[in-house]
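Down below is the structure, laid out as structure tokens.
The values are calculated or read from the model by the stated rules, or taken from the named source; none is laboratory data. Just so it is clear, the model here is predicted, and its values are computed rather than measured. Cβ placement follows ideal geometry from the backbone for every residue including glycine, while neighbour counts extend to all protein chains displayed.
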Amino acid sequence: MTEQELIHGCIQMDERCQRTLFEMYSGKMLTVCLRYSRDRMEAEDWLQDAFVKVFRNITQFKFEGSFEGWIRRIVINTSLKHLQKKRIHFNEVDEDKGNYQSVDPYVYSHMSEAELMKLISELPDGYKLVFNLHVIEGYSHEEIAKMLGIQDSTSRSQLVKARRHLQQAIINVHKQRLAV
Amino acid sequence: MNDKLFDDFFKLKLEQYDSGSSMDVWEKVRRELHEKDNDKGVVWWKNPLLLLALLLFIGGGITISVIGSRNYWFAKPSTVENIAVTKSSNKPDDATVAPATTNETSKENNSTISTGKKNDSKTTLTSSDKTPTITNTVSSSNDKTAFSPAAEVKTKKRGLISLFHKTKRKSQKPVAGLPVGDMAVANLSPLINKSLQLRMNLVMK
């Protein structure tokens, strides 16, 4: 069954097509939710909401562009909606600028996806949000500012701090590995 | 590693990363989608069973109300309970007759009527609790007939009429073949009925 046939099946509320489509994209979309949420339980709740929206609004998909991209946008918007209920503060966390070290590319190559996910989930909410939206999803600072109702400059500064925070975390992980 | 490379590294690693979703989530999605759709389908005018049930309910209600009203209208007329008719002269001790007929359906109506048959008699109609108390004095032919002035007559007339209407409203058992207005009177014992009519006639005069 092609993706187009599956979509047509979903438009007709065919349960088998819906299930196949869910199995195709739910893993990737759960990753998206996990990057924004605090834990897996919360991420699964958001994923459920997002897929209900996908199936209810599937008639709005015009078969232009990628279907995965369309689902991803719904998942991101759903996650942001849930996050906005929490009223995230974009406070700047004090970083220890003096101890900042550049990271050897070798260290990165040994980092698994699960480890990177864990590091992202440990970021402060504001950093995490801007980092995910800009670096992974590819939104510009202007778009992020509009989406979150903040200044462009806030988005930029949050991104810089998020990068530093992550680099420091990667160094710490590397040090722990060497110690073991 | 510069910022660009750092960002690309994360993007490459995480953009297509599959965390593996559980089928519990699918079950929840499926339930939410299909159960809500089923709920939408259960609209009374779309569902013949619901429509039938609704018709049966309405029909049953009408039947019960019709049967109930027949029983109500063709029930035996009853006498008013706790009606005490007391004959009295000027002295209150002379009160002798106090027949009271009872009926279980008219327990709420507690009224007392005192009537005097002697020449110089004082007729008192007292209706306790819910009905007002009206006292009327009637003198017969042997004595001087002392009628009140016109205003007093008017007030008494008004009082009687209002009593009549209140009794009419409170009468519990209608009598077949009688207009609603007369039902209340018919429910009273014949003695009271007679007394009321007598007083009405006197006042009208």
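Residues in region B:2-21 that are among the aliphatic types (A, V, I, L, M), facing another protein chain (nearest Cβ under 7 Å) and surrounded by fewer than 16 Cβ atoms within 10 Å (Cβ to Cβ): none.
Residue count for region A:26-40 satisfying the condition of being surrounded by fewer than 22 Cβ atoms within 10 Å (Cβ to Cβ) and either among the polar types (S, T, N, Q) or within 11 Å of chain B (Cβ to nearest Cβ) (or both): 4. Among the residues of region A:94-114, those that are at pLDDT below 60 and either touching a Lys or Arg at 6+ places or on another chain (Cβ under 8 Å) or assigned to a helix (DSSP H, G or I) (or both) comprise A:GLU95, A:LYS97, A:GLY98, A:ASN99, A:TYR100.
Taking the conditions (1) within 14 Å of chain B (Cβ to nearest Cβ); (2) within 16 Å of the chain's Cα centre (by Cα); (3) under 22 Å from B:GLN16 (Cβ atoms) in turn, A:LEU129 satisfies each one other than (1). Pairs meeting the criteria (first residue in region A:148-177 and free of Cβ contacts under 8 Å to residues at least 60 places away in the same chain, second residue part of a helix (DSSP H, G or I) and basic (Lys, Arg), beta carbons under 6 Å, at least 6 apart or on different chains) are lacking.
Could you grab me the full set of residues in region A:25-46 that are closer than 19 Å to B:PHE10 by Cβ and assigned to a helix (DSSP H, G or I)? Those that are closer than 19 Å to B:PHE10 by Cβ and assigned to a helix (DSSP H, G or I): A:GLY27, A:LYS28, A:MET29, A:LEU30, A:THR31, A:VAL32, A:CYS33, A:LEU34, A:ARG35, A:TYR36, A:ALA43.
When A:LEU21 is tested against (1) of a type outside the set (Asp, Glu); (2) under 18 Å from B:VAL25 (Cβ atoms); (3) exposed (fewer than 13 other Cβ atoms within 10 Å of the Cβ), just one condition goes unmet, and that condition is (3).
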